[in-house]
Amino acid sequence: MGRSGPELGNLLSVTGPLLRFLRLLESAWGRVFPAPYQFFYFLGAMPILLLVILFLTGLYLFIYYSMAVESTYASLQYMTERAWGGRFMRGLHRYAADAMVFFTLLHMLRVWLEGRYQNHRRLAWWTGIGILVLLLIQGVTGYVMPLDSQAHFVLEKTAELLSSLRIFGDTLPRSFSSPALMGKWIMWVILIIHFAIPLFFIFLIFLHVKRIARARILPPTRLGVAFGAVLVLVTLFFPVRMLSEADASQLPFLEHSNWFFLFFAPFLREGHNLQVFAFFAAVTLLLTAIPWLTRAPVIEPAKVDLDKCTGCTLCALDCPYEAIRMRPRPDGKHKLEAVVDADLCSGCGVCLGSCDFDAMAFANTPNADWETRMRELVEKRPGDFIEIVCDKNRAAPALKGESVLAVRCTGILGPALTDTARKLGARGILLGACRMGDCAYREGNSHTLARMENRRKPYLKRVKDFPVQMISFNPVEGQDYVDLQKLARESQGRGLFSRQTVRPVHLFLVALTVAMLGFAFYAGALANYGTVEPIRDRALLRLDFFRLTGSTSCNLDTIPADKLSALRKEKMDRIGFGNLDPEAQVRIRNNIEEGIKEQFCSRSRRPLRVIVTQDGQREEKIYQPSGLQNDGMVYVLRKLYLPPGKHHITVRTSEIDGEKEEAIVEADLELEFKPGQVHFLDFDRASQSFFLRNPKRGQDGR
């Protein structure tokens, strides 16, 4: 009868306890605070408000921020410690970003618990995952921009992660190994990425609400102001502090962890790059696949009886998911006709309540069936109210055994259904609807209430001695519905009843809600666990350089002699070789030989053998040239962790050409390693020798 089956029942079998606990918290909060402060109903709107705050505070920070690598940290220090309001604006920017992730996760959790990710809601679910992923990337770029110790850790570990995935090649760790190697434009690139991602946010938010009519983009003004005040208090009581400047001569460490954005960082310190990426990818894929992994409710879409449709457009205006559109009517009977998109239809039945001409019905349920069901209820309880309860609230334990007309949404009630109940001899209609703002189909209960109060067409006709009353509650408040029935039955006219009595248990649940949310935010944004302490028991020799090796040998003797001779003659005849002077002939002959080699021989360059001996312990590895044809430069990255103290290091490199070794370069070093110190051994192509790079110096590192 216009129902998809008890989808809520299927959900409760898996997530019932969590969902019930969530609704207990919502119920208590709604009793203690007025409706505009019921933030549980605006979890999806809060991140958009925070995006506005991030944009405004970000513009302020941009005024002081320097994109030059050598002055980035100094500009941040000036902004934080000397600029008017700088520390406050920086803290507000940071905590707004944390809160954006926090509310996005809460919104996704609530949507998942209530099963609102199937059928017509899949696009919203998938775009929500995209927003969350982009938000995490955005946060990582934000933590890189200060170029402090935290940025040093994030840059190096993220570069290692991306390098191990071969996403941006092998050389990314070198580019971020020290500020001197980051290049002139790198901070501009990071800043542009940081500014560009919000544009994708806007696009994904557009897709997120594309199938939603009258989407509530922002929370109520009073709720937004109240939350803004809380955010300001957090910023004032927990001001951000300056961390130490990034120092590439020391092993990276994490002075402060943030579990909203840098949850992966503590796991990267031991080099679990692929495991971290695999875990992140698996969670993302699992979230994406949830609509397919759970049984989707079967929706019975609405259909239009064109013989009765007058083209009044009320159904299209009331549809909460824009599943109905109006188009010109070809037969000329009326100007317009309604068309239902079955793929977007939620099967809520709100359009049935919007139609005053009985033209809307469910695809497989004739409207006459509603009359049959209502007659059965009237025969069970003659002269009593007909109780119409939505599927969501019908699952309340207190309603077990109640004789009610269960519908997908109370938005189905319109003039046609009301007149049918009155003609059957019912005393009135009693609606059991969701709490205002928490309709399972967004607007069904509010549309019906507006029709009852003659604020929305089609108006419910006011008939003397035939009251239509609405009781709003959620499934854990089923007893409230039972208790309020007597009061609603004794009232004449039309009205909305809801229990607002505040008991000690409600105050306790509100306090528990504040404590849990406060602790979760504190743990994610402020708690200082998961940090990576400066390493004192070891040091690092970083062998990190490029080397352009020679081309591999090519033996033209492998080419048939007659073919080689014909090829040489053809090239010589083409340029008039015999007319050239002897000196030019020698030069041209060499060019011809090189051209033949390029034509028949490989372009590949020689691999590089690197042998490192540390205090007598020998390690050897062969590095291949880059490029699809192995014709690029060889990149060598080797990290040797050593105990602090003096160490004798020898490095020997040689190019491998078949059985031969050529271009041998050696370095013999006596180095003193302090705890946590990094010695950066680089290669100078001009002098063909090794040198120790000073990470605080310029591009040459000397």
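Hey, R494 hits all of (1) touching a Pro at 6+ places or on another chain (Cβ under 9 Å); (2) open to solvent by 70 Å² or more (accessible area, probe 1.4 Å); (3) among the basic types (K, R) but one; which does it fall short on?
(2)
Condition (residue is surrounded by fewer than 20 Cβ atoms within 10 Å (Cβ to Cβ), assigned to a helix (DSSP H, G or I) and hydroxyl-bearing (S, T, Y)) applied to segment 121-132: is it met by at least one residue?
yes
Each row is one residue, and each column tells you yes or no for (1) farther than 30 Å from F260 by Cα; (2) without any contact (Cβ under 8 Å) to a residue 24 or more places away in the chain; (3) not in a helix (DSSP H, G or I).
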{"site": "L507", "(1), (2), (3)": "no, no, no"}
{"site": "L512", "(1), (2), (3)": "no, no, no"}
{"site": "A523", "(1), (2), (3)": "no, no, no"}
{"site": "N528", "(1), (2), (3)": "no, no, yes"}
{"site": "T549", "(1), (2), (3)": "yes, no, yes"}
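State which residue is most open to solvent (accessible area, probe 1.4 Å) when the search covers only segment 147-204 and only residues that are β-branched (V, I, T) and either touching a Ser or Thr at 6+ places or on another chain (Cβ under 6 Å) or farther than 23 Å from L56 by Cα (or both).
Filtering first and then ranking leaves I167.
For segment 105-119, indicate whether the set of residues that are open to solvent by less than 30 Å² (accessible area, probe 1.4 Å), under 24 Å from L191 (Cα atoms) and of a type in the set (S, T, N, Q) is non-empty.
no
Is one or more of the residues making up segment 532-542 modelled with pLDDT of 75 or more, closer than 30 Å to F237 by Cβ and open to solvent by 70 Å² or more (accessible area, probe 1.4 Å)?
Among the residues of segment 532-542, at least one is modelled with pLDDT of 75 or more, closer than 30 Å to F237 by Cβ and open to solvent by 70 Å² or more (accessible area, probe 1.4 Å), which makes the answer yes.
From the residues in segment 276-304 that are in a loop (DSSP other than H, G, I, E, B) and exposed (fewer than 15 other Cβ atoms within 10 Å of the Cβ), which one is modelled with the lowest pLDDT?
Across segment 276-304, the extreme among qualifying residues is R295.
Being open to solvent by less than 60 Å² (accessible area, probe 1.4 Å) and more than 34 Å from the chain's Cα centre (by Cα) is the filter here; which residues of segment 497-515 pass it?
F497, S498, R499
Every residue in segment 477-487 that is buried (at least 21 other Cβ atoms within 10 Å of the Cβ) and either in a loop (DSSP other than H, G, I, E, B) or not charged (D, E, K, R) (or both), please.
If the condition is that a residue be buried (at least 21 other Cβ atoms within 10 Å of the Cβ) and either in a loop (DSSP other than H, G, I, E, B) or not charged (D, E, K, R) (or both), then G478, Y481 are the ones that fit.
Table: residues versus (1) touching a Cys at 6+ places or on another chain (Cβ under 8 Å); (2) aliphatic (A, V, I, L, M); (3) touching a residue at least 40 places away in the same chain (Cβ under 8 Å); (4) over 25 Å from E300 (Cα atoms).
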site	(1), (2), (3), (4)
L106	no, yes, yes, yes
W112	no, no, yes, no
L123	no, yes, yes, no
V133	no, yes, yes, yes
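Which one of the conditions (1) closer than 30 Å to S654 by Cα; (2) open to solvent by 50 Å² or more (accessible area, probe 1.4 Å); (3) of a type in the set (G, A, S); (4) at pLDDT below 75 does G595 fail to meet, given that it meets all the rest?
Looking at each condition in turn, G595 falls short on (2).
Would you confirm, using the coordinates I've provided, whether R325 is open to solvent by 60 Å² or more (accessible area, probe 1.4 Å), more than 30 Å from A523 (Cα to Cα) and part of a strand (DSSP E or B)?
Considered against the rule, which asks whether it is open to solvent by 60 Å² or more (accessible area, probe 1.4 Å), more than 30 Å from A523 (Cα to Cα) and part of a strand (DSSP E or B), R325 comes out as yes.
For segment 634-693, which positions are closer than 15 Å to K621 by Cα, in contact (Cβ under 8 Å) with a residue 40 or more places away in the chain and open to solvent by 20 Å² or more (accessible area, probe 1.4 Å)?
Y635, L637, R638, K639, R652, I656, E661
Has segment 331-339 got at least one residue that is aliphatic (A, V, I, L, M), in contact with a strand residue (DSSP E or B) (Cβ under 7 Å, 6 or more places away or on another chain), surrounded by fewer than 19 Cβ atoms within 10 Å (Cβ to Cβ) and in contact (Cβ under 8 Å) with a residue 24 or more places away in the chain?
Scanning segment 331-339, I find at least one residue that is aliphatic (A, V, I, L, M), in contact with a strand residue (DSSP E or B) (Cβ under 7 Å, 6 or more places away or on another chain), surrounded by fewer than 19 Cβ atoms within 10 Å (Cβ to Cβ) and in contact (Cβ under 8 Å) with a residue 24 or more places away in the chain, so the answer is yes.
Within segment 457-482, track down each residue that is among the charged types (D, E, K, R), over 13 Å from C434 (Cα atoms) and modelled with pLDDT of 90 or more.
Within segment 457-482, just K457 meets the criteria.
Those residues that are open to solvent by 10 Å² or more (accessible area, probe 1.4 Å) and of a type outside the set (K, R), I need them from segment 77-99; list them, please.
Once the filter is applied, which keeps residues that are open to solvent by 10 Å² or more (accessible area, probe 1.4 Å) and of a type outside the set (K, R), segment 77-99 yields Q77, Y78, E81, A83, W84, G85, F88, M89, L92, H93, A97.
Specify which of the listed residues (Q688, Q614, Q629) is under 39 Å from the mean Cα position of the chain (by Cα) and not β-branched (V, I, T).
Only one candidate passes the filter, namely Q629.
The values are calculated or read from the model by the stated rules, or taken from the named source; none is laboratory data. From a predicted model like this one, the values you see are computed outputs, not experimental measurements. Heads up, the Cβs are rebuilt from the backbone with ideal geometry, glycines too, and the neighbour counts pull from every protein chain shown. The accessibility values were calculated without ligands, DNA or RNA, using every heavy atom of the protein model including side chains. Shrake-Rupley method; radii C 1.70, N 1.55, O 1.52, S 1.80 Å.
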